[in-house]
Every structure is written in C-alpha cells, then in structure tokens.
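*Asks:* To start, I am sharing the structure in question, which I have written as structure tokens.
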Amino acid sequence: MRFRLEARERPSRSLVYGTPVLAVALTMACGSVLFAALGHNPLAVLHAFFIQPIDSLYGLAELTVKATPLVLCAVGLALGFRANIWNIGAEGQLTLGAIAGGGLALWAGDDAGPWLLWAMMAAGLLGGGLWAAIPAYLKTRFNANEILTSLMLTYVAILLLSYLVHGPWKDPDGYSFPQTRMFADGGMLPVLLSGTRLHLGAPIALLAALAGWFVMSRMFIGFQIKVVGLTPAAAGFAGFSVRRLTWITLLAGGAMAGLAGLFEVAGPIGQLLPSISPGYGFTAIIVAFLGRLHPLGILIAGLFIALSYLGGETVQITLGLPLAVSGVFQGMLLFFLLAADVLVRYRPRWTTTTTAGAAVAGEAD
Amino acid sequence: MKTLGLKPLMGWLGAAALALALNAGTALADPTKVGFVYVGPIGDHGWTYRHDIGRKAIEKAFGAKVKTTFVESVKEGADAERVIRKLASTGHKLIFTTSFGYMNPTVKVAKSFPDVRFEHATGYKQAGNVSTYMARFYEGRHIAGLIAGKMTKSNVIGYIGSFPIPEVVRGINAFTLALRQVNPKATVKVVWVNTWYDPGKEGAAAKALIDQGADVILQHTDSPAPVQAAQERGVWAVGQASDMTHFGPKSHLTAIVDVWDGYYVDRTRAVMDGNWKSGDTWGGLKDGMLAMAPYNPALPADVLAMAKQAEADIMSGKVHPFQGPIRDQAGKEKVPAGKSLDDGALLSMNWYVEGVQGKLPK
Amino acid sequence: METLAAVLVTVIGAATPLLFAALGELVSEKSGVLNLGVEGMMLVGAVCAFAAALTTGSPAAGILAGAAAGMLTALLFGVLTLSLLANQVASGLALTIFGVGISALIGRDFVGTPLPRLPLLEIPGLSDLPVVGRLLFGHDVLVYLSIAAVPAVIWLLDRSRTGLILRAVGENHEAAHALGHSVIVVRYLAVMFGGAMAGLGGAYLSLAHTPMWAENMTAGRGWIALALVVFATWRPGRVLLGAYLFGGVTVAQLHVQGFGVDIPSQILSMLPYLATIAVLVAISADSVRVRLNAPASLGRIFHPDS
C-alpha cells in the first residue's frame, strides 16, 4: 500500500471552488490546536480573526482599503508570471508611483483644478511603469535577470522616498520631521461612502481585475502571454516576440503597482511618509498565485489575504494574541491553501503496486 | 466538505464567541482599557520594547482595575488609522500611539471619538483629547558627551544615526557641545544607517567608525550591536533605549534609557480619576522620563563625579545642554553667551554645531 | 595596513551570512527548486541557534541547532512543493511569513539576553602576525566553514556523481526521471541542504556577528541572498564574489560617510544594490553561458504522470 497522486484527465471544476473551503477548514482545525495550546479559546480566536473585522460596514470598507493595493499589484504581476517574467519588485514600482503622483500633488499646490487627481493617477502609472522599464531594458538589452534587478530596485526606491521626505520634499512647516505637506483636497481620492475610507481606488482595482481578465481571455496579447509561458519554443515558431512581451508585461505590472502606490498616498494616507506600504508589493505575489494567476481569482484572494491581515490586528486587540501567533496562523493558512490546490489537478490514491515511472513528456517540452 | 456553506458555521462561531465574551464580562467590574500602538515588534529590544515595559508598569500599578491592549508592528501608513480607530471603538479610554508617523491618523481618529483620550509620542499636534509626549533624551546625550570627552584618547567620536530627523540631530548636537566643553579638540564623525533597527548594519557601522579612529561609539539606533562591536574592538560605547551593560560590560560607559513607566501610570491614573487634560509633555531627567544606566565601574572617580554632578545640575535647572555660546559648523554664533535655545528651536533642529564632521543631509 | 585588515574583517562579517544562505539556495535551485523562503529559514535558524547555545552553553550545539532548524523549516517547504505540488514561489513567500512568526514566538524569552560571542579560532603565533594574522587566522569556525563550503559545493555539483544527478534533475526532470533517478528524493535533499545553510547563515548572525536574539534580526538578508544566486548565474564561485561585493560595498559606504563626504546617506545606501545590478549587467552579456548555468526546470512542478 502506498499513497500517490494521480493526475486527473482534466482539472476538477467543483474542486476549483472546493479546495479553498477545505483548506480554510483544515487551517481552522490546526489553528484551534495552536490557540488552545497557547491558552486561548479557539472559537473566540477564529471569530475574532475571520468575522469581527468585517462585521460592520466600516470593517467591510477597510477590507477593500487593504485589498485594493494587493489586487492592483497582483493583477499586474500575474500578467508577467504567466509569461515567465519574474517581476518581484512591485514594492519598488508601487513606491515610485507614489513618489511620482505625490510629487505632482505637492507641486500643484492647493488650488489646482479637477484635472489634478487624474494627472496624479497618470503620474502614478507612469512612475511605476518607468521603474519597471529599467528591469525590462536590462533584461532585453543585457540579458540581466529581472528577479535580481527588480528586487534591488525596490530597495533603491524605498531609499529614494526616504531621501525625498527627509530632504527636499519635507514639509516646511513640519518642524523638519520626515513627511511632506498634506495633499490638498483636489489631490485626494474621493471617499465613496461617508464614515468609511472606501475610496475611488477600490472600484478601479475591480475594473483592473476585469480588464486583466479581458486581456488574458479575449485578446490576442493574452493568448501570446499564455503561449510564451507554457511553451516558449512554440511561441518562437509562431513568431511571438518574447522581447516585446517582456516589455509589455513588465510595464503593465509596474504601472499597476504604481497606481496602487498613488492610491495609498492619495487615499488613506494623504501625504508622503518614509513608509507608505507594509510590503503590499511582496504580499501581492502570494495573492497572484493564490488566485491561480487568474484576475478574478486574484480578486477573491486579495480580499481573503486582506482579511487575514485585519484578523491579525483584531485578535491582538480583542484577545491579546501576539502578532507572532497570527503570523504563524497566517503561514499555516497559506500552506493549506497552496497545498490543497493539488486536488484540483490530482486525485489522491492508495495503490498496492507502484506504477512504473514511465516518463511522459511534460507540457513545457 | 464543499457542500457545507460557510455562513451557518460562521454564525455558530459568532454565537459561541459572544456567549464566551458575555461570561467573561460579568466576572469583573469594568476595568479601564488602555491601548497601545507600536511601530515595531515588542521583541525589538529597543524603542517598542521600552514602551511595552511602560505598558506592563500600568498593569502592575493598577492590577485588575485596568486592561491593556497592544498592537505591534503597525506600519506607518494606511494601517495606523484603522488600528487606532479599532482600539477607540472597542472601549479603550486611553490610547498611546508611539511613533511619529501616527500623528495625523491619531488626530483624525480623535475627532470622531471625543470621549477617548489619545497620547501621541514624539509629535507636535495636540487637540482637546490629544496630548503629545516626548523625553528630553538630549539631556542624557549631554552627560554622555562629558564622559566621552574625558575618556577619549583619539579625540574622535563615532556616532551612528538612524535617520536625519530633529530628534537625532538634537542628540548629536547636545553630545558634541558637552564633549567639546571638556575636550575642545574632540570631533564627532556621524554615519547614518537609514534604519532604526538592523543589528548587522549597526554593528558594521560601529566597526567602520572604530577603524576610522573613533574610540567612543554613540548610537541613536535600537540594537545592542554597536555596544557589542565596541567591546570586541576594545573601545567605549554608550547604549540607547535600554541598559545594555550585559551586552558589553567592558565597553558600556552608560546608556540613555527610555523610561515611560511613570508617565504611562500617571496618565492612566488621570483618566481613571477623571482629571486627564490635554497637553504637551517634554519630560527630562528630573521627570524621570529618561535615566542614565549604571556608569561603568571602570570610570575614574573624577569622571564619575562629573557625570553625577551634571545629572544633578540638569535636574535642578542649573545646566541647560544648549547653553550659549553655540556656534554652527561654519563658526557662526547661533546662540550668544548667557542665552540658551528654546524648545521651539530644539524641536525643529536641523543644523549641526561646531565639532561635528560632515554635512547634515538636507 | 592594520586598518585595512580591520576593514576587511568587517566585510567578512557582513558577507558570511549572505554566503551561507546564497550557497544553500544555489544548490536548491540547481535541483530545480526555487525557495523564496530564505529569510524565514534564516530567522528560524538564528533563533534556534541562539536558544540552543544559551541553554546548553555550547556554541557547537548552537550551530547544529541552527542548521537543523533551517533544515526542518525547509522540509516543510519540501512537503508542500515536492509532495503536494504546491506553487514554489508562493510557498516560499508563505514560508517567510511563517518563519517570521514562529521565530518571534520561539524567541520571546530570549530578547535582551546576551551570549558570549562564538570563540575565534586563534592560532598562537600566526594570529599575531601583522595584517595577515587577523585577516587569515582570527575568525570563528563559521567563517571558515562558509569559505570552505564554496569549493565543497563546486566539487559536489561539478565533480561528484550526486551533483551530476542533481543538475540533471534541475535541467530536465522528465529525462532524469526516465533515467531512473528519483527526482523527488534528490530535490528533498537539495532543499534541505538549502535550509541547513540558511540556518547556518542565521546562526552566524545570532551567535557571532551580533550575538543576541531580536525579532526580524536578519533584516532582509534572506532576500539579498536570493538575489545573489541570480547574480552569480548559479555558479558557486560567483556567489562568493557577490556576497563579498555586497558586504564590501555596504561597509565601504559607511566608511565614506565617516570621512564626511557631502552626499546624502540615502544615496550612499543605494550603492550596494546599484553595484549588484551593474555587475550583473556586465556579466550577463553572454546570454548563452547564463542560460547554460540556469537550471531549466527551475520553479517547475514535477509529477511523474504529467
């Protein structure tokens, strides 16, 4: 008797939706053991983690505030990941978007017209896109691996922001503290629901996800991206330019991350600070894969991961559970979610004999 | 499994938790709830660690009459407002927000919760229910400067800065003024590490400064790594935030220790007694908001006496660390003899005094 | 000259944790597994090494515990990605989140506790030589181990039969499988080696570089280690170069600041990152060679039926 995974002929449709539920249930079971071992009531913790953060309109709005940058970054990153372009520097592109758009708001001052917000969004897209253009150029021109260049440029971007807010852009009336002036009202995203922080960025992130879905499933470029990702050789035969796709996916991913950064500073923050993102650009990588690189899956995954962060805060506040414990719990949750995915494509079997390991050519050959 | 909807399960969980909460609630007469928002993990052994010790002091002082809550590693940015609001809306009557970047979110949330008292550390915006508080750490830097001036042989002091903000610049200046008061030949080299907390980088910065001839290392960062590096290389160091003696018994001259305990207990008591008032507290040695860690037993008696005397003089008001004449790096007199810098000028300080090498990043 | 030697000793301190972690990741990647959880494994290694050294009083126990803890953390990643076929990129990031949390949990009682530094292996006579004495003969065992690991990994990958199989698995897992090699077993071993090395990198931080435990004390070094593998175009010798280049520029920019140069420190702090990019660009021009070194199956899931 031995356990093995047998490939399904086609992915199970029902399990596409079933495995996440299974994973959450397993996490709850294992989490309960963890919480009980640490002397907390498991039910109370789970309630505080998953329900309390969103038991009010305000909570739901906060969920979108937290999910918006994650979804925007992840939708953009997924385009690249599908084409085997490993941009892991969304955090830096997000920062540059915030710098470009925020810089425009500071430059425009208090009495700019209604064009300002739109111009800031354009600047955000441009800033993020240009920052991603560096890895794109270095990759296509010098063959430099984008994993390294995009990651290193993230640190450079954060230091650049630090330089600006500690130096030339600091608020002249701010007692030399590291912050810029607050943006004028014209440079702030409108709040869509009074009493909450639900801002214009949320519906735009939704639109971005829909647009991403449209591009991937209905447009030729989406088809090209998929082909390049799955069978690079075939892409060559078909005459698709890998170079062009590298540029497009990196620019699109960077621009969307830049927009996410602009939304952070023109939305909930309202000024430039040394720290504008708690690592959205990195978390978005997980979101992209949890969403199976599908824009609509990313939407759900983004909301869910956002909930897990809000849950981590809530259990600290209502139950005094240290952040370390919610970190462990969050890690477990991700492990189960990622591992349960296997059931979509494979069927667990107990077999009495081992099948000969005949090699079947994989899809990528 | 997949047919089981989540909704009924969640409803059931909710009911169970509610029942639990109700049971727990009847056991105690409403304790006063005090909340804390921390920028780092409580295990950072620096800034946040010291605030958490202050939180524990509240628990110790009032026992079952208070309940404290903290949220750690809350990044400055969009998250802060939500966390502060959540604390305010869950019955916390007093909320300490312990990082500069929480200033605007604190003020914003305070507007929607007029009955909740807010205490923001290191900022400058007050409101009817928002106080600010900070410690005059520069007083400790003054004492460190006097000691360093006596102990240095190379006349080069290494100073590890985190970020070029007024708080750090003020510390560098207070230190340098005192240093040159006892040793006019001494100069200060500053290295910025652009982080509050990265033991490896702080240690490397200390070593770099030692290699450039520094024989006393000051730090305005949180980890004990510079004290360790000094011990390893056989030079002196002054610790920060906590007493770091045990990380470098031979190198540790003293440390400028953050002591929030008294302030936190006082403000909590004020809320409990109903006489909390908004204000701006900038407490010094005499208020016990900072303290000098035990001086190294290897200090010569006269140096030790001088340090103790300086402590007493600062507490009595006889000595002000920013007493004129003070000249800037260009040699221009900023403060004439007989005058001292006022708090406004100290708050926004963004220039170096004479004796600091290098230019202040602008 | 003495000063130069001292500066170089500081560089060695900055480079050693990177060298350990990057060499381990390199072996893992050569087998075709991309583990982005280096930061998490380093943290778990650091805290377990510290805890073991403190409680047993034995530095050797600390080193072993660091390696073992890193290996166990990596094993978790292996189960996810190799047995349960989960996505490697996402699982690695999840491993880092998990590692940050669990290390903080384990380390709660150790914050603020000092530990004697890992002893330096001084050789009487030689260590006292001017300049070279300190540079060559005054380090702790982990520094020598990290340097020795470079030729060892080169030998393992290029000269040994195990290395041949490992590279075959990383290059084309279907073909390796068809030849009768157990792809999964080879990858488990490589991933665990990567974890052990990351654990040693963490142990170097908490036992030798800055003997203490504090949350998140790796401060992003795991990410740099990951980047260094790419930088090295999957060649161990270049990992050594990269780790010392990065460590060297980090220390150099601190020195430049100490000399009082009028450049904002943030700009100077960018230098290690920019230098790494610049050198990568310079050495990547020969695209054929880079592609030859890069394991072709990197990040791809292996299942015998697929």
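The values are calculated or read from the model by the stated rules, or taken from the named source; none is laboratory data. Bear in mind that the values here come from a model prediction, so they are computed numbers and not experimental data. FYI the Cβ positions are ideal-geometry reconstructions off the backbone, even for glycines, and counts take in every protein chain you see.
*Asks:* Here are some residues: B:LYS189, B:LYS250. Which one is surrounded by fewer than 20 Cβ atoms within 10 Å (Cβ to Cβ), modelled with pLDDT of 95 or more and within 14 Å of chain C (Cβ to nearest Cβ)?
*Replies:* B:LYS250
*Asks:* Which one of C:THR16, C:THR73 is crowded, with 24+ Cβ neighbours inside 10 Å, more than 14 Å from chain A (Cβ to nearest Cβ) and either modelled with pLDDT of 95 or more or touching a strand residue (DSSP E or B) at 6+ places or on another chain (Cβ under 9 Å) (or both)?
*Replies:* C:THR16
*Asks:* Okay, moving on. Is it true that some residue in the range A:129-139 is of a type in the set (D, E, K, R) and touching a helix residue (DSSP H, G or I) at 6+ places or on another chain (Cβ under 7 Å)?
*Replies:* Yes, the conditions are met somewhere in the range A:129-139.
*Asks:* Okay, next question. Tell me the helices (runs of 4 or more DSSP H) entirely within the range C:249-306 that contain at least 2 residues that are closer than 28 Å to A:PRO232 by Cα and over 25 Å from the mean Cα position of the chain (by Cα). Steps first, please.
*Replies:* Details: elements: C:265-269, C:271-284, C:287-293.
Passing ranges, in order: C:287-293.
*Asks:* For C:GLY194, indicate whether it is under 22 Å from C:PRO59 (Cβ atoms) and at pLDDT 95 or above.
*Replies:* Numbers: under 22 Å from C:PRO59 (Cβ atoms): no; at pLDDT 95 or above: yes.
No.
*Asks:* Return yes when C:ALA152 is under 22 Å from C:GLY70 (Cα atoms), touching a residue at least 60 places away in the same chain (Cβ under 8 Å) and assigned to a helix (DSSP H, G or I) and no when it is not.
*Replies:* no
*Asks:* Let me ask another. Could you pull out the residue among C:ARG221, C:ARG235 that is charged (D, E, K, R) and crowded, with 24+ Cβ neighbours inside 10 Å?
*Replies:* Every option except C:ARG221 fails the conditions.
*Asks:* Determine whether B:LEU360 is under 28 Å from B:VAL259 (Cβ atoms) and not acidic (Asp, Glu).
*Replies:* Taking the combined requirement at face value, the residue does not satisfy it.
*Asks:* Against the condition farther than 26 Å from C:GLY40 by Cβ, in contact (Cβ under 8 Å) with a residue 24 or more places away in the chain, facing another protein chain (nearest Cβ under 9 Å) and of a type outside the set (Asp, Glu), how does C:HIS303 come out, does it pass?
*Replies:* No: the conditions fail for C:HIS303.
*Asks:* Check the range C:25-32 and report whether any residue there is within 14 Å of another protein chain (Cβ to nearest Cβ) and among the aliphatic types (A, V, I, L, M).
*Replies:* So in the range C:25-32, the residues within 14 Å of another protein chain (Cβ to nearest Cβ) come out as C:25-26, C:29, C:32.
The next check asks that each one be among the aliphatic types (A, V, I, L, M); those that pass are C:26.
Yes, the range C:25-32 contains a residue that is within 14 Å of another protein chain (Cβ to nearest Cβ) and among the aliphatic types (A, V, I, L, M).
*Asks:* May I pose another question? Quick one: in the range B:145-164, which of the residues that are touching a Gly at 6+ places or on another chain (Cβ under 9 Å) and more than 14 Å from chain A (Cβ to nearest Cβ) is farthest from B:LYS185 (Cα to Cα)?
*Replies:* B:TYR159
*Asks:* Taking C:LEU54 and the conditions (1) part of a helix (DSSP H, G or I); (2) in contact (Cβ under 8 Å) with a residue 40 or more places away in the chain; (3) crowded, with 22+ Cβ neighbours inside 10 Å, which numbered condition does it fall short on, given that it satisfies the others?
*Replies:* Answer for C:LEU54: the failing condition is (3).
*Asks:* So A:GLY222 fits all but one of (1) away from chain C (no Cβ under 14 Å); (2) outside any helix (DSSP H, G or I); (3) without any contact (Cβ under 8 Å) to a residue 12 or more places away in the chain; what number is the exception?
*Replies:* (2)
*Asks:* In the range B:256-305, which residue that is part of a helix (DSSP H, G or I), among the aliphatic types (A, V, I, L, M) and in contact (Cβ under 8 Å) with a residue 12 or more places away in the chain is surrounded by the most Cβ atoms within 10 Å (Cβ to Cβ)?
*Replies:* Step by step, filter the range B:256-305, then rank; the result is B:LEU285.
Listed here are the residues, each with its yes/no results for (1) over 19 Å from A:PRO69 (Cβ atoms); (2) in contact with a Pro (Cβ under 9 Å, 6 or more places away or on another chain); (3) at the interface with another protein chain (Cβ under 10 Å from one of its Cβ atoms); (4) of a type in the set (Lys, Arg).
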site	(1), (2), (3), (4)
A:ASN84	yes, yes, yes, no
A:GLY89	no, yes, no, no
A:ALA105	no, no, no, no
A:ASP110	yes, no, no, no
A:ILE134	yes, no, yes, no
A:SER150	no, yes, yes, no
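*Asks:* Considering only residues that are touching a helix residue (DSSP H, G or I) at 6+ places or on another chain (Cβ under 8 Å) and within 21 Å of B:MET244 (Cα to Cα), which ones fall in the range B:297-331?
*Replies:* Scanning the range B:297-331 gives B:LEU299, B:PRO300, B:VAL303, B:ALA307, B:GLU311.
*Asks:* Right, here's the next one. Working carefully through the options A:LEU210, A:LEU262, A:LEU230, find the one that is touching a helix residue (DSSP H, G or I) at 6+ places or on another chain (Cβ under 9 Å), within 14 Å of chain B (Cβ to nearest Cβ) and touching a residue at least 60 places away in the same chain (Cβ under 8 Å).
*Replies:* Result of the check over A:LEU210, A:LEU262, A:LEU230: A:LEU262.
*Asks:* Kindly provide the set of residues from the range B:89-111 that are closer than 24 Å to A:LEU307 by Cα and surrounded by fewer than 21 Cβ atoms within 10 Å (Cβ to Cβ), ordered by number.
*Replies:* B:SER89, B:THR90, B:GLY91, B:LYS108, listed by residue number.
*Asks:* Which of the residues spanning the range A:300-337 are within 12 Å of the chain's Cα centre (by Cα) and buried (at least 24 other Cβ atoms within 10 Å of the Cβ)? Talk me through it step by step, then tell me what you get.
*Replies:* Initial filter on the range A:300-337 (within 12 Å of the chain's Cα centre (by Cα)): A:300-306.
The answer is A:ALA301, A:GLY302, A:ILE305, A:ALA306.
*Asks:* Let me ask something else about it. Scan the range B:82-120 residue by residue and report those that are away from every other protein chain (no Cβ under 13 Å) and within 14 Å of B:PHE36 (Cβ to Cβ).
*Replies:* The answer is B:LYS93, B:LEU94, B:PHE96, B:THR97, B:THR98, B:THR106, B:VAL116, B:ARG117, B:PHE118, B:GLU119.
*Asks:* Can you run down the residue pairs with Cβ atoms below 6 Å, 6 or more apart or on separate chains, where the first is in the range B:330-354 and in contact (Cβ under 8 Å) with a residue 60 or more places away in the chain and the partner is part of a helix (DSSP H, G or I)?
*Replies:* Going by the 6 Å Cβ cut-off, the qualifying pairs are B:LEU346/B:ARG170; B:SER348/B:PRO166; B:MET349/B:PRO166; B:MET349/B:VAL169; B:MET349/B:ARG170; B:VAL353/B:ASN173; B:VAL353/B:THR176; B:VAL353/B:LEU177.
*Asks:* Based on what the data block shows, is A:MET120 modelled with pLDDT of 95 or more, buried (at least 24 other Cβ atoms within 10 Å of the Cβ) and within 7 Å of another protein chain (Cβ to nearest Cβ)?
*Replies:* No.
*Asks:* Right, next: Of the conditions (1) surrounded by fewer than 16 Cβ atoms within 10 Å (Cβ to Cβ); (2) away from every other protein chain (no Cβ under 14 Å); (3) in a helix (DSSP H, G or I), A:ARG141 clears all except one; give me its number.
*Replies:* If we test A:ARG141 against (1) surrounded by fewer than 16 Cβ atoms within 10 Å (Cβ to Cβ); (2) away from every other protein chain (no Cβ under 14 Å); (3) in a helix (DSSP H, G or I), just (2) comes out false.
*Asks:* Counting only residues that are facing chain C (nearest Cβ under 7 Å) and either out of contact with any His (no Cβ under 6 Å at 6 or more places or on another chain) or among the aromatic types (Phe, Trp, Tyr) (or both), how many does the range B:202-228 have?
*Replies:* 11
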